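One structure is given below, represented as structure tokens, and several questions about it will come after.
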């Protein structure tokens, strides 16, 4: 294989051990992300989508009560077979992440400029303050921030949520990672700001050719962004397909329920999704083979 | 609100509290059973002598008048005469305060230099053996009163293994001219390094005895603050960007948790000032606390009021300084409502 | 409750703590039966055995007048625990009431009450107690009074902060809409939410009351002879250091044992009662 998949997850299982025994979280997930592709993983909170991103990131493996099995191949090499230090070496350079609430994720005791320098040091230890500022200013311009000096000299709590979100996108992409994990980006923001920042993020990953694993509970947000969608329910993938195919003809009962939960401008209210339904346990539906 | 206006606000609040303290301690001293004049003169004095003393001390005036006279004197730096030493209380305080401050400040330094790192180590290895060890030791440290630590340290490090002197501030054979009353400063000012070494040698054991429970307290506090910080998204972000654990602990978890820790350590300074009473007795340390115990046992009203006032004032000043440091450390305060 | 018991018993530290506290309580309650020489609790002189090092007859040695130190420690626990109980029966209710009123009513009441508690808090605790003791006669009752006077503001602070947070919660607003009285809202709606924090603090404070009380008597300003007291035993013993070390070391350890026990239990209790 000359051009391996950026991310190839095979039969991924996760359980937590506590005093009452073992709790299974993931029951064998398969998921693929090709180079330059934007893939979404959609499900409710507690479905296992966030822990999946933490496993790809390699931090979940360091939690002492967590048991991870299965394969996570990043560009052809198995992450679970590597040491925790090796996994850390990938983070911030080859794999990067965007968090749900940008304002609390950006450390409040450091200026944005200092944070950028820290991140740049992950690629180049000798980066000077001036170089760091220059590169940070350049990428901030690409996410439509013009007064870069003010932003770089600010602390996160001095900026608006939308501004912090853009800072975070720029920070995640400044080292040109090959895989970007986006965990509910902008969910803490209001809808129009979220849409704007997602458009900026889309442009930037297009330009850099970054693969994206986009994690969300909202199919509506994902529709504009993703090439392909995996729907996850209670630790299992229940439906998978190209975005258009999935939206045009959702077949799994759970996907249908999620789709009907997207608020519409025409009104009519949001129908409730049942907590649990036997229908949702229906077998996996795959719309098409990859590529 | 800039740091400066914030500081002025705190200063004003501290002054109000200090006035409150002076009222509280003054009224307690006046409402106690027994006649202060009689106490001052002792049981053998005649009625006429007592009556004359009452006049001198203004005890026949209404209490409000007495208090305003007291405040008037206080403004001129006059706290009355001590029955214990027969000297102006102010003179006594000026003489004894530096020795206590020297002790308390070194103990405070030990508390920060040892307590914070121990707490940080504990938090970083939460649930593992270094954590359990630090937790048990720090809990033991806060569980013993300062005089028990003092006795234990004297026994082990002065009697059984004579590493440190048992009592005093400096070796008897050395004589250094008093400038500030701070032995470390005075010896350096005189250029006497042998005397400086001796003073430091005398200071270490009492300061450590005084600091121990504070070290425990600071370690416990830093641990819980740092664990709380570790649960914040900013730390997860640092991990997601692959920063090393040591770097995350130092820069991302320790610094933010320093802010609440320092504030409470400032409040713990009160405990140091109080516990100095216990430690000075054991080490025969010629400081304010030993003077305080003396005047309390003698029911020397003027001196008691003066001692409590000066200790509270010291405490309030320390907290002003800590508050100032914290606002420098915490950009949220530094920049609150400045830009946006 | 079951969960609390499970956590307390599954943690080795809290089991040690419970054992220590239990032992101290048993000693205090059954002192007459446990103490090897009950008659030594009072003003007894036993010069024949003065200054005896620890031996089979006197496990922890004897003091300068020949009284058994173990016996005196056991009886001192009785005094110390009694003191802790009294202080913690008086100080928290006063402090809690002030904190609730200041926090819920707000405005000038808040300002005045909290400044009063600030004044008490800005005199180092031991110094305030010492000053009060100095002005009064050194008796057990006055020692309790002095310690109570320095203790209540801490509960005011604690409850005030919780009340300020709870005041804007939905259930309080709901009660206000129904027209419930201030007293009802403070004591029936908000107070139950403060209970876990208060109980945790009281457990920890039990140890600290013992510690402060022993500090007062160490300086000669607490319980007076011949009543056995750990602080005065240490203070008396320091005059005979280092030769008669047992006179200071064992009473000192006795203080540590009791306070450490309460701290261990309080620490684990905090994890159980205030999870976050």
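Which members of segment A:71-101 meet the condition of being more than 14 Å from chain B (Cβ to nearest Cβ) and assigned to a loop (DSSP other than H, G, I, E, B)? Let's see the steps before the verdict.
In the first step, residues of segment A:71-101 are kept if they are more than 14 Å from chain B (Cβ to nearest Cβ); the result is A:71-73, A:75-78, A:80-81.
A:75, A:76 - these are the residues of segment A:71-101 that are more than 14 Å from chain B (Cβ to nearest Cβ) and assigned to a loop (DSSP other than H, G, I, E, B).
Results for (1) over 17 Å from the mean Cα position of the chain (by Cα); (2) under 25 Å from residue C:139 (Cα atoms); (3) within 11 Å of chain C (Cβ to nearest Cβ), shown as yes or no for each residue.
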| residue | (1), (2), (3) |
| --- | --- |
| B:258 | yes, no, no |
| B:265 | no, no, no |
| B:278 | no, yes, yes |
| B:286 | no, no, no |
| B:315 | no, no, yes |
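Just one of C:267, C:271 is closer than 21 Å to residue B:140 by Cα, in contact (Cβ under 8 Å) with a residue 40 or more places away in the chain and surrounded by fewer than 18 Cβ atoms within 10 Å (Cβ to Cβ); which is it?
Values: C:267 fails: surrounded by fewer than 18 Cβ atoms within 10 Å (Cβ to Cβ).
Exactly one residue qualifies, and that residue is C:271.
Shifting gears a bit: Given the criteria surrounded by fewer than 19 Cβ atoms within 10 Å (Cβ to Cβ) and either over 13 Å from residue A:36 (Cα atoms) or in contact with a helix residue (DSSP H, G or I) (Cβ under 8 Å, 6 or more places away or on another chain) (or both), does residue A:186 qualify? Even if it seems obvious, please write down each step before you answer.
On the way: surrounded by fewer than 19 Cβ atoms within 10 Å (Cβ to Cβ): no; either over 13 Å from residue A:36 (Cα atoms) or in contact with a helix residue (DSSP H, G or I) (Cβ under 8 Å, 6 or more places away or on another chain) (or both): yes.
Spelling it out, it is not the case that residue A:186 is surrounded by fewer than 19 Cβ atoms within 10 Å (Cβ to Cβ) and either over 13 Å from residue A:36 (Cα atoms) or in contact with a helix residue (DSSP H, G or I) (Cβ under 8 Å, 6 or more places away or on another chain) (or both).
Okay, moving on. Quick check on segment C:248-255. Is at least one of its residues within 12 Å of chain B (Cβ to nearest Cβ), buried (at least 23 other Cβ atoms within 10 Å of the Cβ) and closer than 30 Å to residue C:156 by Cα? Don't jump to the end; show me each part of the working.
Keep residues of segment C:248-255 that are within 12 Å of chain B (Cβ to nearest Cβ), which gives C:248-255.
Still in the list and also buried (at least 23 other Cβ atoms within 10 Å of the Cβ): C:248, C:251-252, C:254-255.
Filter again for closer than 30 Å to residue C:156 by Cα, leaving C:255.
Within segment C:248-255, one or more residues are within 12 Å of chain B (Cβ to nearest Cβ), buried (at least 23 other Cβ atoms within 10 Å of the Cβ) and closer than 30 Å to residue C:156 by Cα.
Of all residues in segment C:233-247, which are more than 9 Å from every other protein chain (Cβ to nearest Cβ) and crowded, with 24+ Cβ neighbours inside 10 Å?
Within segment C:233-247, C:233, C:247 meet the criteria.
Among the residues of segment C:122-150, which ones are more than 8 Å from every other protein chain (Cβ to nearest Cβ) and part of a helix (DSSP H, G or I)?
Answer for segment C:122-150, where residues must be more than 8 Å from every other protein chain (Cβ to nearest Cβ) and part of a helix (DSSP H, G or I): C:129, C:140, C:141, C:142, C:143, C:144, C:145, C:146, C:147, C:148, C:149, C:150.
Let me ask you something else. Considering each of B:136, B:148 in turn, give the residue that is within 14 Å of chain C (Cβ to nearest Cβ), free of Cβ contacts under 8 Å to residues at least 60 places away in the same chain and touching a helix residue (DSSP H, G or I) at 6+ places or on another chain (Cβ under 7 Å). So that I can check it myself, show each step before the final result.
Numbers: B:136 fails: touching a helix residue (DSSP H, G or I) at 6+ places or on another chain (Cβ under 7 Å).
When all the criteria are applied, what remains is B:148.
Evaluate segment C:221-231: report whether one residue or more is surrounded by fewer than 24 Cβ atoms within 10 Å (Cβ to Cβ), within 10 Å of chain B (Cβ to nearest Cβ), out of contact with any strand residue (DSSP E or B) (no Cβ under 8 Å at 6 or more places or on another chain) and not in a helix (DSSP H, G or I).
no
Residue B:42 fails exactly one of the following numbered conditions: (1) at pLDDT 80 or above; (2) within 15 Å of residue B:301 (Cα to Cα). What is the number of that condition?
(1)
All but one of (1) surrounded by fewer than 20 Cβ atoms within 10 Å (Cβ to Cβ); (2) within 11 Å of chain C (Cβ to nearest Cβ) hold for residue B:301, so report the exception by its number.
With (1) surrounded by fewer than 20 Cβ atoms within 10 Å (Cβ to Cβ); (2) within 11 Å of chain C (Cβ to nearest Cβ) applied to residue B:301, the lone miss is (1).
How about segment A:39-70: which of its residues are more than 14 Å from chain B (Cβ to nearest Cβ), in a loop (DSSP other than H, G, I, E, B) and surrounded by 22 or more Cβ atoms within 10 Å (Cβ to Cβ)?
Matches in segment A:39-70: A:43, A:47, A:48.
Given (1) closer than 22 Å to residue A:285 by Cα; (2) more than 16 Å from the chain's Cα centre (by Cα), identify the lone condition not met by residue A:21.
With respect to (1) closer than 22 Å to residue A:285 by Cα; (2) more than 16 Å from the chain's Cα centre (by Cα), residue A:21 is out only on (1).
May I ask you to say which residue of C:102, C:183 is closer than 20 Å to residue B:17 by Cβ and either surrounded by fewer than 21 Cβ atoms within 10 Å (Cβ to Cβ) or at pLDDT 90 or above (or both)?
Numbers: C:183 fails: closer than 20 Å to residue B:17 by Cβ.
Testing whether each residue is closer than 20 Å to residue B:17 by Cβ and either surrounded by fewer than 21 Cβ atoms within 10 Å (Cβ to Cβ) or at pLDDT 90 or above (or both) leaves just C:102.
Another question about this same structure. Consider residue B:271 carefully, then state whether it is under 19 Å from the mean Cα position of the chain (by Cα), on the phi > 0 side of the Ramachandran plot, surrounded by fewer than 24 Cβ atoms within 10 Å (Cβ to Cβ) and within 14 Å of chain C (Cβ to nearest Cβ).
Spelling it out, it is not the case that residue B:271 is under 19 Å from the mean Cα position of the chain (by Cα), on the phi > 0 side of the Ramachandran plot, surrounded by fewer than 24 Cβ atoms within 10 Å (Cβ to Cβ) and within 14 Å of chain C (Cβ to nearest Cβ).
Sort out which residues of segment B:178-209 are part of a loop (DSSP other than H, G, I, E, B) and in contact with a helix residue (DSSP H, G or I) (Cβ under 7 Å, 6 or more places away or on another chain), and write them in order of number. Full working, then the answer.
Here is the first cut: in segment B:178-209, the ones part of a loop (DSSP other than H, G, I, E, B) are B:178-182, B:190-192.
Of everything in segment B:178-209, those that are part of a loop (DSSP other than H, G, I, E, B) and in contact with a helix residue (DSSP H, G or I) (Cβ under 7 Å, 6 or more places away or on another chain) turn out to be B:178, B:179, B:180, B:181, B:182.
Would you mind telling me which numbered condition in (1) within 21 Å of the chain's Cα centre (by Cα); (2) buried (at least 23 other Cβ atoms within 10 Å of the Cβ); (3) farther than 30 Å from residue B:297 by Cβ residue C:163 fails?
All conditions pass for residue C:163, except number (1).
Please enumerate the residues belonging to segment A:133-165 that are within 14 Å of chain B (Cβ to nearest Cβ) and part of a loop (DSSP other than H, G, I, E, B).
Selection gives A:147, A:153, A:154, A:159, A:160.
Oh, and also: Tell me yes or no: at least one residue of segment A:71-79 is under 22 Å from residue A:171 (Cβ atoms), crowded, with 18+ Cβ neighbours inside 10 Å and touching a strand residue (DSSP E or B) at 6+ places or on another chain (Cβ under 9 Å).
At the first step, the residues of segment A:71-79 found to be under 22 Å from residue A:171 (Cβ atoms) are A:74.
Narrowing the set further to residues that are crowded, with 18+ Cβ neighbours inside 10 Å leaves A:74.
Next, only the ones that are touching a strand residue (DSSP E or B) at 6+ places or on another chain (Cβ under 9 Å) stay: A:74.
Yes, there is a match, as at least one residue in segment A:71-79 is under 22 Å from residue A:171 (Cβ atoms), crowded, with 18+ Cβ neighbours inside 10 Å and touching a strand residue (DSSP E or B) at 6+ places or on another chain (Cβ under 9 Å).
In segment A:194-236, which residues are assigned to a loop (DSSP other than H, G, I, E, B) and either under 30 Å from residue A:283 (Cβ atoms) or touching a strand residue (DSSP E or B) at 6+ places or on another chain (Cβ under 6 Å) (or both)? So that I can check it myself, show each step before the final result.
Going residue by residue through segment A:194-236, those that are assigned to a loop (DSSP other than H, G, I, E, B) are A:209-210, A:217-218, A:226-227, A:234-235.
If the condition is that a residue be assigned to a loop (DSSP other than H, G, I, E, B) and either under 30 Å from residue A:283 (Cβ atoms) or touching a strand residue (DSSP E or B) at 6+ places or on another chain (Cβ under 6 Å) (or both), then A:210, A:217, A:218, A:226, A:227, A:234, A:235 are the ones that fit.
Say we look at segment C:133-148 and pick out the residues that are touching a helix residue (DSSP H, G or I) at 6+ places or on another chain (Cβ under 6 Å) and surrounded by fewer than 24 Cβ atoms within 10 Å (Cβ to Cβ); which of these is farthest from residue C:212 (Cα to Cα)?
Here the residue is C:136.
Let me ask something else about it. Mind listing whichever residues of segment C:48-70 are over 28 Å from residue C:205 (Cβ atoms) and not in a loop (DSSP other than H, G, I, E, B)?
Once the filter is applied, which keeps residues that are over 28 Å from residue C:205 (Cβ atoms) and not in a loop (DSSP other than H, G, I, E, B), segment C:48-70 yields C:48, C:49, C:62, C:68.
Restricting to segment A:102-132, give me the number of residues that are at the interface with chain B (Cβ under 10 Å from one of its Cβ atoms) and either under 16 Å from residue B:255 (Cα atoms) or surrounded by fewer than 18 Cβ atoms within 10 Å (Cβ to Cβ) (or both).
12
The values are calculated or read from the model by the stated rules, or taken from the named source; none is laboratory data. What you see is a predicted model, and the numbers here were worked out from it, not measured in a lab. Cβ: placed from backbone, ideal geometry, glycine included. Neighbour counts: every protein chain shown.
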